[in-house]
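Report on the structure given below.
The values are calculated or read from the model by the stated rules, or taken from the named source; none is laboratory data. Not measured: the values here are computed from a predicted model. As a convention, Cβ positions derive from the backbone with ideal geometry for all residues, glycine included, and neighbour counts pool all protein chains shown. Side chains included, ligands, DNA and RNA excluded: accessible areas come from the protein's heavy atoms. Shrake-Rupley method; radii C 1.70, N 1.55, O 1.52, S 1.80 Å.
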Amino acid sequence: MLRPQLAELTSAERSTAMPVVDVTEPIERTTRPGIGHVGPSVVNWPAEVNDAADTTKMTGGCMCGSVRYETAGEPFLVSHCHCQSCRKHNGAAVVTLAGFKADQVTFTSNERKLYNSSPNVSRAFCGDCGTPLTWEGDGGDLGLICEIHISTFDNPDALVPTAHAFDSERISWFDVADRLPRYEGFVDDNPPLRHGPEQRLD
Ligand SMILES: [Zn+2]
Ligand SMILES: [Zn+2]
């Protein structure tokens with residue numbers, strides 16, 4: 001069954017469409033309608049990010065070293081993602097991504113393999129060791145974007161998450177005690193559901 005392209009929906013329609021989660025069939029994000037208006041001028045970066053680490057040029061790659069990349073400039077967003085598709089692609093309970101415009105990212109060694117996970121969306125991995133690397137597709141106002149899985153960076157400490165996306169798809173037993181905003185879907189697409197974990201841990 002073809003799913004509606006979210007970019008074609010009005011925001012009212014999208015807010016109706018987004019919460020429908022069919023857990024028997026992974027729902028792929030086909031576009032990123034919510035992040036077009038989230039840029040460095042909007043995101044409130046923690047001061048320590050700018051002071052402690054130079055993120056203007058960063059490097060990373062897969063576990064075996066076959067695929068390497070470089071990024072130029074600041075990411076437009078660093079966030080955790082709880083969506084089922086990201087979790088499935090990584091075999092992880094939650095993933096953390098740093099989002100860049102596609103032209104900020106250069107792959108400097110062997111080509112990554114691209115899995116076309118839904119129309120106009122690719123997820124990259126290393127064909128030798130299988131490390132999941134990216135989500136690549138339409139970033140709305142940003143154009144083509146390349147979101148990189150944070151643990152493939154050589155220095156992931158330099159990239160500090162500021163939000164949780166798709167909290168509505170979070171595995172029920174998983175939560176963390178940070179105070180970051182939790183969004184139902186894409187970051188900044190709607191007001192956050194809350195700040196902090198679902199239940200106080202103390
Ligand atoms: Zn590899
Ligand atoms: Zn995701």
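Per residue, the Cα convex hull of segment 83-202 amounts to 127 Å³. Residues whose amide H comes within less than 5 Å of that of residue 81, counting only those at least five positions distant or on another chain, are 95, 96, 97, 165 (H built at 1.01 Å from N in the peptide plane).
Computed from backbone phi with θ = phi - 60° and the Karplus coefficients 6.51, -1.76 and 1.60, the 3J(HN,Hα) list for segment 173-186 is 8, 9, 7, 10, 9, 7, 9, 5, x, 10, 9, 5, x, 5 Hz; x is used for glycine and proline.
Grab the other residues whose beta carbon is less than 13 angstrom from that of residue 171, score K and R as +1, D and E as -1, and report the net. Write out the running numbers ahead of the final one.
On the way: positive: 87, 88, 170; negative: 167, 169, 175, 198.
Residues close to residue 171 contribute a combined charge of -1.
Note on residue 106/residue 64: beta-carbon distance plugged into 1/(1 + (r/R0)^6) with R0 of 22 Å gives a FRET efficiency of 0.70. Its Cα gyration tensor gives segment 63-135 an equivalent ellipsoid, and the semi-axes of that ellipsoid, as √(5λ) in whole Å with the largest first, are 18, 17, 12.
Averaged over residues, the count of other Cβ atoms within 10 Å places the peptides 155-161, 68-74, 129-135 in the sequence 129-135, 68-74, 155-161, highest first. Heavy-atom accessible area, probed at 1.4 angstrom with all protein chains present, ranks 66, 109, 172 as 172, 109, 66, highest first. Note on residue 151 and residue 128: with the Förster distance fixed at 25 Å, the Cβ-Cβ geometry gives a FRET efficiency of about 0.90.
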